[in-house]
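**Student:** Sending over a structure as structure tokens; questions will come in a sec.
The values are calculated or read from the model by the stated rules, or taken from the named source; none is laboratory data. All figures in this text were calculated on a predicted structure; none of them were measured in a lab. Here Cβ is always computed from backbone atoms with ideal geometry, including for glycine, and neighbour counts include all displayed protein chains.
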Amino acid sequence: MTDAGNTLRALIADEIARAGGAIPFRRYMELALYAPGVGYYTGPRGKIGRDGDFFTSLDVHPVFGRLLATQVIEMSRALPDGPFTVVEMGAGKGHLAHDVLRTVEAADPALFARLRYVIVDVSEDLIARQKKLLAAYGARIEWAADLGALSGVRGVFLSNELVDSLPHHQVVMTGDGLREVYVGEKDGRFREGWGPPSTPALAAYFDAIGITLPKGYRTEVNLAALDWMRAVGGALERGFVITIDYGYPADVYYQADRRRGTFLCFHEHKASENPYVRVGRQDMTAHVDFSSLARAGTRVGLEAVGLTDQAHFLVGLGITHAMEAVLACDGGDPRDSDEFRAMRRLMDPHGMGKAFKVLVQRKGVGHAPLAGMAMPAFHITDLLGVD
């Protein structure tokens, strides 16, 4: 175990002791991922890409970022005057920012002239990589420590695989009602147990979406995602929010065949369900409940435009034309084109194309149609559920 790993385990054990023997799983996950300097996302270890623990769509092919940039350009037409700000939350190695800036500069110089790009990130290591990659864009790009530093934004807030990694509560429905998962420590090992919910917001969460969990059902509740969405809506004066992540509407998320939840850990591209090993050296993640996310947005003035899957989003933005152009250049045989196969991976109905969803919300910008939402996979009433 590394020195950072030992420091992190000692930090968590100390907090458990000071809390009287147990802390909510949400707090354990927060420390494991985000403890300053030693957490998974805050430490220097490589996380993303072939040599890391997981891939994102940006690692598969740059067409993803280029097409997302075309959606941003289309959205900018709703705000034709004055500064236009793109806020990217959780920017990884900076590739999306690079692709968006480069595409806008080439395709819409007028927009580029008034474009401001802000990255919100917590990892000093990743910020250093971002600054190196994006150095050519100079003062056009800025960094913020958190959303609290932003207000009155006119433009687009976007995130790609951020919400799934926000610390969440783990809950279990028992014969005595809803219980929460807590983490303790004994003989140098972290162990979990059940206890009363640490906050009434957990029960209220299910009441709000009209879901009753059956006995023995274990799942996640991401209250931090709702706080995040409220912060985004509060910081946005006019414009759009694009949230890309894997997940489902609530009625699909909490189906009976998902009674163990969706929580997984990733280390060197291998998945496990054990969060108590490789602490600080593995990612922890759970699917996103897009219904609750959209409902949280409505309470801060964000109107849900639509929810679709990544494949339909990219088709609406023209990926098939890009694939045809690549294939024509590579001789017409998909078997001979690595680039074509990479693009097709983004569209795979058994993988990224179906698993990843795109939620678009708007505020104060009218109702002009958006190319990426031309083929919504879910109806808005299904997404928002009951009141």
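**Student:** Answer with yes or no whether A203 is over 30 Å from V87 (Cβ atoms), out of contact with any Lys or Arg (no Cβ under 8 Å at 6 or more places or on another chain), assigned to a helix (DSSP H, G or I) and not charged (D, E, K, R).
**Tutor:** It is true that A203 is over 30 Å from V87 (Cβ atoms), out of contact with any Lys or Arg (no Cβ under 8 Å at 6 or more places or on another chain), assigned to a helix (DSSP H, G or I) and not charged (D, E, K, R).
Yes/no per residue for (1) of a type outside the set (D, E); (2) at pLDDT below 95; (3) in contact with a Pro (Cβ under 9 Å, 6 or more places away or on another chain):
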| residue | (1), (2), (3) |
| --- | --- |
| V288 | yes, no, no |
| H321 | yes, yes, no |
| A328 | yes, yes, no |
| D336 | no, yes, no |
| E339 | no, yes, no |
| A355 | yes, yes, no |
| G372 | yes, no, no |
| A377 | yes, yes, no |
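**Student:** Take the residues in the range 359-381 that are in a helix (DSSP H, G or I) and surrounded by 14 or more Cβ atoms within 10 Å (Cβ to Cβ), then tell me which one is farthest from the chain's Cα centre (by Cα).
**Tutor:** The qualifying residue farthest from the chain's Cα centre (by Cα) is A371.
**Student:** Also, quick follow-up: Being out of contact with any Lys or Arg (no Cβ under 7 Å at 6 or more places or on another chain), at pLDDT 95 or above and charged (D, E, K, R): is that true of D257 here?
**Tutor:** Here the answer is no, as D257 does not meet what is asked.
**Student:** Applying the selection to the range 222-244, what residues are crowded, with 23+ Cβ neighbours inside 10 Å and under 16 Å from V360 (Cβ atoms)?
**Tutor:** Looking only at the range 222-244, we keep the residues that are crowded, with 23+ Cβ neighbours inside 10 Å, and these are 222, 225, 229, 232, 236, 239-244.
Answer for the range 222-244, where residues must be crowded, with 23+ Cβ neighbours inside 10 Å and under 16 Å from V360 (Cβ atoms): M229, V232, L236, G239, F240, V241, I242, T243, I244.
**Student:** Sticking with this one: Give the range 273-297 a look and list any residue that's on the phi < 0 side of the Ramachandran plot, among the charged types (D, E, K, R) and assigned to a loop (DSSP other than H, G, I, E, B), or say none.
**Tutor:** Result: E273, R281.
**Student:** Is it fair to say T219 is of a type in the set (V, I, T) and either in contact with a Lys or Arg (Cβ under 6 Å, 6 or more places away or on another chain) or surrounded by fewer than 16 Cβ atoms within 10 Å (Cβ to Cβ) (or both)?
**Tutor:** no
**Student:** A further question follows. How do the pairs read when you match residues in the range 67-93 that are farther than 26 Å from A145 by Cβ with residues anywhere that are among the acidic types (D, E), using Cβ under 7 Å and keeping only pairs 6 or more apart or on different chains?
**Tutor:** That search, which allows pairs on different chains as well, returns I73/D108.
**Student:** Which condition breaks for G148 when tested against (1) buried (at least 17 other Cβ atoms within 10 Å of the Cβ); (2) of a type outside the set (S, T, Y); (3) within 15 Å of V120 (Cα to Cα)?
**Tutor:** G148 satisfies every listed condition except (1).
**Student:** Within the range 176-209, which residues are crowded, with 18+ Cβ neighbours inside 10 Å, touching a residue at least 40 places away in the same chain (Cβ under 8 Å) and within 29 Å of R9 (Cα to Cα)?
**Tutor:** E180, V181, Y182, V183, G184, E185, F190
**Student:** For residues that are surrounded by fewer than 16 Cβ atoms within 10 Å (Cβ to Cβ) and not in a helix (DSSP H, G or I), tally how many sit in the range 342-358.
**Tutor:** 4
**Student:** Counting just the residues of the range 152-185 that are more than 20 Å from Y205 (Cβ to Cβ) and among the charged types (D, E, K, R), which one comes out nearest to the chain's Cα centre (by Cα)?
**Tutor:** By that ranking, first place goes to E161.
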